[in-house]
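K.L.:
I have a structure here, written as C-alpha cells, and I will follow up with some questions on it.
The values are calculated or read from the model by the stated rules, or taken from the named source; none is laboratory data. Note that the structure is predicted; figures quoted are calculated from it, not measured. Glycine also receives a Cβ, built like all others from the backbone with ideal geometry; neighbour counts cover every protein chain displayed.
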Amino acid sequence: MGGRCQVDFYLLGSPALDADRLACRLALMAWERGHTVSILARDDQHAGSLDELLWTYPEGRFLPHERGDGPAAPVRLVTAPPGEDGDVVINLTTTAQAPPLPWNRLLEIVPHREAEREASRTKFRSYRQHGLDPQHHDIDG
C-alpha cells in the first residue's frame with residue numbers, strides 16, 4: 001500500500017562527499033522551489049552541528065532555519081519525524097520512517113563508506129515492502 005510520498009535515495013559516490021553537507025544543499029534547492037524542509041537529525045548533538053553548518057554552508061548563502069518543529073522558518077532541524085505538515089523531509093537517521101508517510105517527499109542520503117551503507121539498504125527494502133517505489137540518484141560531486 002503506497003502513499004503519495006516520493007522517496008529518493010542519494011548515493012554519495014566519493015569519500016570526500018559529506019551527508020550533512022548534501023542535506024544542506026538539498027534543503028537549499030527545495031527551499032528555493034518554495035518547499036518547507038525538515039531535516040531529521042540523529043539526536044540533539046547532530047541537530048546542533050547541522051545548525052552550525054547551515055550558518056556557513058552552502059558557502060555565500062543563508063538558509064533560514066530553526067531547531068524544533070515550529071512553523072516560523074522554512075528549514076527545521078528536528079529529532080523526531082515531523083507531522084503531516086511536513087513537505088520535504090531529509091532523513092539523516094539510520095532507520096526507515098514508518099509508513100504511511102504523510103509528506104510529499106522523503107530524501108535519504110546513502111553514505112559512501114560500505115560499512116555505513118547497510119542501514120540504507122535496510123531502509124530501501126523497508127520502503128519497497130510498504131509498496132513505495134524509491135528512486136536513486138548518484139551524487140559524484
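K.L.:
Is it fair to say Leu50 is buried (at least 18 other Cβ atoms within 10 Å of the Cβ), over 23 Å from Pro100 (Cα atoms), in contact with a strand residue (DSSP E or B) (Cβ under 7 Å, 6 or more places away or on another chain) and of a type outside the set (Lys, Arg)?
P.N.:
Yes.
K.L.:
Could you list, in sequence order, the residues of region 103-125 that are more than 19 Å from Arg33 (Cβ to Cβ), surrounded by 17 or more Cβ atoms within 10 Å (Cβ to Cβ) and out of contact with any helix residue (DSSP H, G or I) (no Cβ under 8 Å at 6 or more places or on another chain)?
P.N.:
Residues satisfying the conditions are Ser120, Lys123, Phe124.
K.L.:
Taking Gly60 as the residue in question, decide whether it is closer than 10 Å to Ser38 by Cβ, in a loop (DSSP other than H, G, I, E, B) and at pLDDT below 90.
P.N.:
no
K.L.:
Does Ala72 fit the bill of being under 16 Å from Ala27 (Cβ atoms), outside any helix (DSSP H, G or I), of a type outside the set (Ser, Thr, Tyr) and without any contact (Cβ under 8 Å) to a residue 60 or more places away in the chain?
P.N.:
yes
K.L.:
Tell me which of these Pro15 doesn't satisfy, since it passes every other one: (1) touching a residue at least 12 places away in the same chain (Cβ under 8 Å); (2) touching a strand residue (DSSP E or B) at 6+ places or on another chain (Cβ under 7 Å).
P.N.:
In the conditions (1) touching a residue at least 12 places away in the same chain (Cβ under 8 Å); (2) touching a strand residue (DSSP E or B) at 6+ places or on another chain (Cβ under 7 Å), Pro15 misses (2) alone.
K.L.:
Which number in (1) at pLDDT 95 or above; (2) farther than 16 Å from Thr36 by Cα; (3) crowded, with 16+ Cβ neighbours inside 10 Å; (4) out of contact with any His (no Cβ under 8 Å at 6 or more places or on another chain) marks the one condition that Leu92 misses?
P.N.:
(4)
K.L.:
Taking interchain pairs and intrachain pairs at least six residues apart, which have beta carbon atoms under 9 angstrom, with the first residue in region 119-141 and touching a residue at least 12 places away in the same chain (Cβ under 8 Å) and the second assigned to a helix (DSSP H, G or I) and of a type in the set (A, V, I, L, M)?
P.N.:
Between residues of region 119-141 that are touching a residue at least 12 places away in the same chain (Cβ under 8 Å) and residues that are assigned to a helix (DSSP H, G or I) and of a type in the set (A, V, I, L, M), the close pairs are Ile139/Leu22.
K.L.:
So, one more: Within region 85-141, how many residues turn out to be in contact with a Pro (Cβ under 8 Å, 6 or more places away or on another chain), of a type in the set (D, E, K, R) and part of a helix (DSSP H, G or I)?
P.N.:
Of the residues in region 85-141, 2 are in contact with a Pro (Cβ under 8 Å, 6 or more places away or on another chain), of a type in the set (D, E, K, R) and part of a helix (DSSP H, G or I).
K.L.:
Tell me, please, whether a residue that is part of a strand (DSSP E or B) and either under 13 Å from the mean Cα position of the chain (by Cα) or closer than 20 Å to Gln135 by Cα (or both) can be found in region 19-35.
P.N.:
no
K.L.:
Let me ask you something else. Under 8 Å between Cβ atoms, at least 6 apart or on separate chains: pull out the pairs that start in region 75-101 with a residue that is closer than 16 Å to His46 by Cβ and among the charged types (D, E, K, R) and end on any residue that is at pLDDT below 95 and assigned to a loop (DSSP other than H, G, I, E, B).
P.N.:
Arg76/Thr36; Arg76/Gly68; Arg76/Asp69; Arg76/Gly70; Arg76/Pro82
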